[in-house]
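Let me begin by presenting the structure, written as structure tokens, before commenting on it.
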Amino acid sequence: MNNGYIEHVNRRRRFVRATHIRRFKWLLAIFGTLIVLTGVQLWQTKQQLKAVNQSLVTTKVSYQQAKKEQAALQQETKLLKQPKYLEQVVRQKYDYAKKGEVVYRFAN
């Protein structure tokens, strides 16, 4: 009887141990999957952030160029409101001449 009881206890311990090991493997698999999925999500987010930052840099450069161009155009507008500058531009660009003036063109 003593041998039967010890054998029964040993079988029960092996069963409980196998059950614990099986549960541990399941938990390990679940947590491992969660960690992998979280890592993938973090990697994708990092890639998206990188793309957005690159787009931001490009937009900032474009904005700065547009700002410089706007300043130059505003300066040109101010200058064109001055009669002497306007006359100079019209003479150079459109070969304008007053009455009695002769325009000479030289071949380059």
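Where a number appears in this text, it was derived from the coordinates with a stated rule and is not lab data. Not measured: the values here are computed from a predicted model.
Observations on the model:
- Answer label, with Rg/Rh (Cα atoms, Kirkwood Rh) calculated from the coordinates and candidates (i) 0.98; (ii) 1.81; (iii) 1.67: (ii)
- Folded to 0 to 90 degrees: helix 2-80 orientation relative to the chain principal axis, Cα: 0 degrees
- Cα centroid separation - region 15-55 against region 65-108, whole Å: 68 Å
- The stretch between residue 66 and residue 29 holds 7.8 nm of extra length on full extension. This uses 0.36 nm per residue minus the Cα-Cα distance.
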